[in-house]
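To keep things clear, I will list the structure first and then write my remarks on it.
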Amino acid sequence: SQQGEEDPQALSIQEGENATMNCSYKTSINNLQWYRQNSGRGLVHLILIRSNEREKHSGRLRVTLDTSKKSSSLLITASRAADTASYFCATDAQGNNRLAFGKGNQVVVIP
Amino acid sequence: NAGVMQNPRHLVRRRGQEARLRCSPMKGHSHVYWYRQLPEEGLKFMVYLQKENIIDESGMPKERFSAEFPKEGPSILRIQQVVRGDSAAYFCASSPGWGDNGYTFGSGTRLTVV
């Protein structure tokens, strides 16, 4: 089964900087989703990009999707200390009934 | 709308006991998914249910684990004769079964087997 894999695994940046994370997957998808998880908490849905979309924005978030390369990126602009969390990509594959998650990126934003 | 409600938030069980995890989906959502997260790992799919039906249980261990989503009441993930390796965070998500607005996750149940 396919699985999103994020790169890099851990990122430490200064407040105000941008943070970029990448995700790759293996099979055809309906959509790709990004989630945030604060330590010890549940997942919060951030943004969903459909397979026929190439770029999507939501506030300080920008997601791109390249289906030919089977990859996606998540950009957080003007990061804040509150953005410190783990970020997961998850793919919703054609014909499947579940999300396939990557292992996540740990992002630390230093005030 | 209270979102996806999971309880308990934390559960401690001794080896050999049973663990019962509950999930109430968002109002209007008829599709429930259970995922397991081991420390420092992503979420792994376990089972997908609709009311009174198990649609896909390909991620469930073949023994000791079972799930149900009855006509009335919450979805239950049941782990019999727990072992230390069952210690993990178990997350439930729900969706309306149509559209693609993403899944809504609960806050999870953290199971510790001692």
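The values are calculated or read from the model by the stated rules, or taken from the named source; none is laboratory data. None of these values were measured; they are calculated from a predicted model. Here Cβ is always computed from backbone atoms with ideal geometry, including for glycine, and neighbour counts include all displayed protein chains.
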Go through A:10, A:19 for me and flag whichever is more than 18 Å from residue B:44 (Cβ to Cβ) and touching a helix residue (DSSP H, G or I) at 6+ places or on another chain (Cβ under 8 Å).
A:19
Return yes or no: is residue B:47 surrounded by 13 or more Cβ atoms within 10 Å (Cβ to Cβ), in contact (Cβ under 8 Å) with a residue 40 or more places away in the chain and either in a strand (DSSP E or B) or not β-branched (Val, Ile, Thr) (or both)?
no
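For every residue, the table says whether it meets (1) at pLDDT 95 or above; (2) away from chain A (no Cβ under 14 Å).
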position	(1), (2)
B:73	no, yes
B:79	yes, yes
B:83	yes, yes
B:100	no, no
Kindly state which strands (runs of 3 or more DSSP E) lie completely within the stretch A:43-111 and contain at least 2 residues that are more than 11 Å from every other protein chain (Cβ to nearest Cβ).
A:55-58, A:61-66, A:71-76, A:85-93, A:105-110
Just checking, how many residues over the stretch B:1-16 are at pLDDT 95 or above and among the polar types (S, T, N, Q)?
2
Would it be correct to say that residue B:96 is at pLDDT below 95, in contact with a His (Cβ under 7 Å, 6 or more places away or on another chain) and of a type outside the set (Val, Ile, Thr)?
yes
Can you name every residue in the stretch A:30-42 that is surrounded by fewer than 22 Cβ atoms within 10 Å (Cβ to Cβ), within 9 Å of another protein chain (Cβ to nearest Cβ) and touching a residue at least 12 places away in the same chain (Cβ under 8 Å)?
A:30, A:31
